[in-house]
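None of the figures in this text is laboratory data; all of them are computed from the coordinates on show. Here the structure is a predicted model, which is why all the values come from computation and not from measurement. Backbone-built Cβ (ideal geometry, glycine too); neighbour counts: all protein chains shown.
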Amino acid sequence: MAGMPKMKWRFFTMKKLLALVLALVMVLAATSAFADGLLKIGYVQVGHESDWRMANTQNYYDVFTEDAGFELELIDCDNDHALQLAKVREFVQKDFDYIVIDPIQTAGWDDVLKEVQEAGIPCIIADRSVDASSDLYTTAVGTNMTAEGETAGKWLEEYLAGKAAKILVIEGSTGSSAAIGRSEGFNNIAANHPEWEILASQDGDFTQNGGQAVMEDFIKRFPEFDVVVCHNDNEAYGAMDAMDAAGIKYGVDGKIIISFDATKEGLTRTLAGQILCNVECNPIQAVIVMNVIKDIQDGKEIPKFTLVPDEGFCAPGIESSLVTVMTDEVLAARKY
Ligand code: GYE
């Protein structure tokens, strides 16, 4: 009988220990986001409208991995501004560590940026820009879209060398900084050329179908034209399809096609002499965003804007002091 109380005591301790372990497991589960030490990154992506966009999305998945210390939630906003705002608010509610915004449009950001700021969450504007005070976000990373438009204009200036030209423009999505900047840059150069006539400028929404539809309409309305400026490669493919169907020649001895992005497929068509000038816009931006985040984590001073550099390319056989002439090597080096 002497052993009984001992047994009881042991049993009691066991129960207590089990309860303690259980409680610990529950606490750990509830705080796993902290326990695993991963930084929660919310990225509101524009959509999936182009090859550029797909490469940009893939780049974020490749860089923001758990091994690198991140938990990434990337939302494809399908070009829907209201959805993009709602998703940013959701990230705020879930108390993410960082919010990265690739703004579909420049307008309409003030309120939501203030909310992110009030929540104390660092906010990075990536790729495209917003029409809001830079006091409302932590920092921005992206290319200079106006400079891209100017490169296209300057290349045309060099190529035409004083010849007159009738120009058609297939714009990117209306209200996006990419479309606004590229138009502005190209128009800055066109303003110096009274012999250039911009016949029309229409939204092709950065998609191949959009580019094709706009080009089909242009072909009906403008029997005579010399140049088609497409705000991205996918629009250029659509424009080519429309011209193929109408029996219109393009390339070194046909209509001049200018494009932006310089993706693998875009540069393939530049090397083939179908697109005469292709101005690069680099979608590989995630490492730059990650480094900015690391600097913020380390308490370092960060610049308000980090430029992603890009260059221009032209078809073989064209001499240019402004852009790189395409070669097999350049194409082989292109990853996206
Ligand atoms: O040029 C286009 C994409 O924002 C720079 O968006 C980006 C643009 C890119 O859909 O292909």
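What to note about this one:
- Listed residue pairs exceeding 21 Å between alpha carbons, taken from K40/K294; K154/K264; K300/K335; K166/K255; K154/K249: K154/K264; K300/K335; K154/K249
- The relative contact order of the chain, computed from alpha carbon pairs under 8 Å that lie at least 6 residues apart in sequence, is 15 percent.
- Its alpha carbons considered, region 28-111 gives a radius of gyration followed by a Dmax of 13.8, 42 Å.
- Take the chain and mark each of the trypsin sites (Lys or Arg not before Pro) that is in a DSSP loop with at most 12 other Cβ atoms within 10 Å; the longest unmarked stretch, sites excluded, is 1-93.
- Based on C-alpha pairs under 8 angstrom that are at least 6 apart in sequence, region 38-130 has a relative contact order of 33 percent.
- Computed on region 105-176, with alpha-carbon pairs under 8 angstrom and 6+ residues apart, the relative contact order is 33 percent.
- Distance in nm between pseudo-label sites at V252 and A82 (7 Å out along the Cβ direction from Cα): 5.2
- Partners for K114 among aspartates and glutamates (Cα-Cα distance below 13 Å; same-chain residues under 8 apart left out): D135
- Put the Cα centre of region 44-108 next to the Cα centre of region 171-206 and the gap is 27 Å.
- Debye-formula intensities of the chain, expressed as log10 I(q)/I(0) at q = 0.07, 0.08, 0.12, 0.14 Å⁻¹, are -0.37, -0.45, -0.85, -1.07 (one equal scatterer per alpha-carbon, no solvent).
- Under the simplified labelling scheme, the S321-E71 pair shows an inter-label distance of 5.7 nm, with each label point 7 Å from Cα along Cα→Cβ.
- Length gained when the stretch A200-E158 is fully extended (0.36 nm per residue, less Cα-Cα span): 12.9 nm
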